[in-house]
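To start, the structure under review is shown below, and the notes come after it.
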Amino acid sequence: MSEPDAAPAGSQPAPSNLVLRVLAALVLAPLAVALAYAGGWLWALLVTLVSIGLFAEWLTVVGASSVALTGAGTIVIATMGFCVTFGALKTAIITGCIGGAIVMLIARGKFVWAATGFAYASAALLASILVRKDLVNGFSALMFVLLVVWATDIGGYFAGRSIGGPKLWPRVSPKKTWAGALGGFAASLVVAAGFAACGIGKAVPLLLVSAVLSVVSQLGDLFESAVKRRFGVKDSSHLIPGHGGLLDRLDGFVAAILAAWIIGFVRHGVHSAGSGLMVW
């Protein structure tokens, strides 16, 4: 989520964009939580559709969109989603490698950007499904990541809007401020403290993990902003009112869920990544 531009002196910022953001969040957040709780093929279906959308938007942003390229990527990502959902992770990875090569061949002159977008969407797909597939702590781990990202976004939005101050990285994202970054970081720690208070994990490890995920989430946001600035694009699409496209809304989550899966995988292996993230 981007921080808003400062309003001119003596004027009041228009509330319409904030209202649209809130209304969209009130619809989409409960849906995401409900499907995350359901898990299984329902969560995997949502993640697969979103990953296809991420790839399609990426191609549009980098100027590589075509029926052949989007179609090939859609088929490969859908196949990967089906395979990993029903326990064929190795098949999913092999499919992704072959599919990535096909995407590069079709993209030709834009093969580097197309391959990067395919890897981005595929990583989001696999990490989001694999974290949730942990039968013991999958849901709590997924909710932890979601809430840390949402808290980082919301804290950053309001801290940046109310405090303002020096810009974080004006060449890449002129709206973001250091105050917003620190506000989002602080808000993420509140999430960790809340989980620990509820007996879901230990306080110190969760605070450290939330700190890492918050920073990674903000870096993911900056990465997407850098890509859009490179190609002179403001929003990846207008799919979500007040938020832009899927890339605009999920840039932080993609980075955070991938980092979360890596932490969980290193500690407890492929099939217990949720426990590896939450149990210390």
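Go through segment 46-65 and give me each residue that's open to solvent by 50 Å² or more (accessible area, probe 1.4 Å) and outside any helix (DSSP H, G or I).
Selection gives Gly63, Ser65.
Looking at segment 159-182 only, could you name the residues that are in a helix (DSSP H, G or I) and either within 29 Å of Gly232 (Cβ to Cβ) or β-branched (Val, Ile, Thr) (or both)? Give the derivation first.
Narrowing segment 159-182 to residues in a helix (DSSP H, G or I): 159-163, 178-182.
If the condition is that a residue be in a helix (DSSP H, G or I) and either within 29 Å of Gly232 (Cβ to Cβ) or β-branched (Val, Ile, Thr) (or both), then Ala159, Gly160, Arg161, Ile163, Trp178, Ala179, Gly180, Ala181 are the ones that fit.
What number of residues within segment 90-119 satisfy the criterion of being within 21 Å of Glu57 (Cβ to Cβ) and not small (Gly, Ala, Ser)?
Here the count works out to 11.
Inspect segment 100-114 for any residue being under 21 Å from Ala255 (Cβ atoms), crowded, with 18+ Cβ neighbours inside 10 Å, within 15 Å of the chain's Cα centre (by Cα) and not β-branched (Val, Ile, Thr) and give the result as yes or no.
No, segment 100-114 has no match at all.
Hey, can you tell me all the residues within segment 141-177 that are closer than 16 Å to Phe265 by Cα and surrounded by fewer than 24 Cβ atoms within 10 Å (Cβ to Cβ)?
none
Could you identify the single residue in Ser237, Ser225, Ser272 that is modelled with pLDDT under 95 and open to solvent by 20 Å² or more (accessible area, probe 1.4 Å)? Show your work before the answer.
Working: Ser225 fails: open to solvent by 20 Å² or more (accessible area, probe 1.4 Å); Ser272 fails: modelled with pLDDT under 95.
Within the list Ser237, Ser225, Ser272, the selection yields Ser237.
Please find, among Gly184, Gly220, Gly201, Gly194, the residue that is modelled with pLDDT under 95 and not aliphatic (A, V, I, L, M). Spell out the reasoning first.
Values: Gly184 fails: modelled with pLDDT under 95; Gly220 fails: modelled with pLDDT under 95; Gly194 fails: modelled with pLDDT under 95.
Going through Gly184, Gly220, Gly201, Gly194 in turn, the sole match is Gly201.
Please go through segment 19-45 and give me each residue that is in a helix (DSSP H, G or I) and open to solvent by less than 50 Å² (accessible area, probe 1.4 Å), ordered by number.
Of all residues in segment 19-45, those in a helix (DSSP H, G or I) come to 19-38, 40-45.
Result: Arg21, Ala24, Ala25, Ala29, Ala32, Val33, Leu35, Ala36, Trp43, Ala44.
Name the single residue that is farthest from Gly220 (Cα to Cα) among those in segment 238-280 being free of Cβ contacts under 8 Å to residues at least 12 places away in the same chain and assigned to a loop (DSSP other than H, G, I, E, B).
Once the filter is applied, the top-ranked residue is Gly269.
The values are calculated or read from the model by the stated rules, or taken from the named source; none is laboratory data. None of the values given here were measured: they were computed from a predicted structure. Cβ atoms come from the backbone with ideal geometry, glycine included; neighbour counts cover every protein chain shown. The accessibility values were calculated without ligands, DNA or RNA, using every heavy atom of the protein model including side chains. Shrake-Rupley method; radii C 1.70, N 1.55, O 1.52, S 1.80 Å.
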